[in-house]
Amino acid sequence: MTLRIMPGNFLLNMSALGAMSAALLACVAVAMAADNAPSAGETAARGSDCFSCHSVDQKLVGPAFTAIAQKFAGQAGAASTLEAAIKNGHVGTWGQIPMPAHPQLSDTQLQQIVSWILSLKGQSSAAATAPAQSYTTNVDGKPVTTHFPIFQAGTQKVTPSVFRGYELFDSYCFRCHGADAVGGEYAPNLRASLNNGMTEDQFLSIAMEGRKAQGMPAWAGFFSPQDIDSIYQYTKARAVGALSTGTPPE
């Protein structure tokens with residue numbers, strides 16, 4: 001028996017097979033993209049200012065979303081409790097830094113956000129296992145300890161984060177708090193505030209929420225938590241005397 005291969009049919013079949021493979025790969029890619037797409041709740045949270053004070057698995061100004069999910073897992077009425085806290089604001093469950101109200105969110109958005117947060121139960125929070133770090137800087141012969149490095153190792157050049165804080169402070173904050181954090185006519189001397197007991201969490205909270213009664217705007221949504229942290233680092237470095245006025249060495 002002689003086996004005959006028809007070149008035309010062979011090429012046609014190979015072409016069809018290639019097209020089928022490409023279509024299959026496209027379907028898989030679409031399915032994977034759909035699996036990785038954020039839920040309606042996460043989308044609503046990112047569209048609001050939730051991520052200005054919270055992250056998925058690390059404490060910022062407020063607790064990590066995973067920590068919230070863990071705390072409320074299995075509790076009766078957890079969803080309605082969280083929805084009310086987001087809509088009306090709340091303080092006390094996670095310390096004394098208040099969460100502002102979000103009356104602009106619809107009931108549907110609140111339900112979606114809370115449903116997404118509660119779905120994170122079982123995921124670990126990075127902040128829970130992150131070791132605390134401290135850094136010592138000599139200022140006028142005396143050691144000063146901070147939880148962040150002020151200078152790059154082995155140099156008198158400030159870290160990129162501290163320098164970024166200087167840039168932001170002297171671009172925005174100086175209008176009320178004075179250039180180089182020396183204090184201003186309209187707002188407190190933040191160096192003195194930090195030296196008199198203001199904590200980092202309080203600094204971040206006030207910056208994010210603002211103080212409407214005193215005319216200070218809320219910076220949430222304009223500055224990221226990382227921006228505010230950089231501003232804090234620069235201001236703290238000025239407060240402890242590690243930096244003088246003017247542009248820090250970089």
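Here are the numbers for the structure shown:
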quantity: Within the range 35-54, considering residues that are at pLDDT 85 or above and among the hydroxyl-bearing types (S, T, Y), the one nearest to D229 (Cα to Cα); calculated: T43
quantity: Positions within the range 104-121 being in a loop (DSSP other than H, G, I, E, B), more than 18 Å from the chain's Cα centre (by Cα) and either modelled with pLDDT of 90 or more or not assigned by TED's automatic domain parsing to the domain that holds L82 (or both), in sequence order; calculated: Q104, L105, S106, S119
quantity: Residue check for S244: farther than 13 Å from C173 by Cβ, hydroxyl-bearing (S, T, Y) and in contact with a Pro (Cβ under 9 Å, 6 or more places away or on another chain); calculated: no
quantity: Selection within the range 84-103 - of a type in the set (A, V, I, L, M) and assigned to a helix (DSSP H, G or I); calculated: A84, A85, I86
quantity: From the options Q152, Q202, residue that is closer than 23 Å to T137 by Cα and of a type outside the set (V, I, T); calculated: Q152
quantity: Within the range 122-206, helices (runs of 4 or more DSSP H) holding 3 or more residues that are in contact (Cβ under 8 Å) with a residue 40 or more places away in the chain and farther than 17 Å from A239 by Cβ; calculated: 126-129
quantity: Flag if T81 is at pLDDT 90 or above, assigned to a helix (DSSP H, G or I) and in contact with an Asp or Glu (Cβ under 7 Å, 6 or more places away or on another chain); calculated: no
quantity: Lone qualifier among T235, T247 - being within 17 Å of T146 (Cα to Cα) and either out of contact with any Lys or Arg (no Cβ under 6 Å at 6 or more places or on another chain) or surrounded by fewer than 22 Cβ atoms within 10 Å (Cβ to Cβ) (or both); calculated: T235
quantity: Selected residue (only one of F148, F169 is surrounded by 14 or more Cβ atoms within 10 Å (Cβ to Cβ), farther than 30 Å from Q70 by Cα and of a type in the set (F, W, Y)); calculated: F169
quantity: Per-region count, the range 64-94, residues under 16 Å from E209 (Cα atoms) and either touching a residue at least 60 places away in the same chain (Cβ under 8 Å) or polar (S, T, N, Q) (or both); calculated: 1
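The values are calculated or read from the model by the stated rules, or taken from the named source; none is laboratory data. In this text, all values refer to a predicted model and were calculated from it rather than measured experimentally. Here the Cβ is made from the backbone with ideal geometry for all residues, glycine too, and neighbour counts use every protein chain on show.
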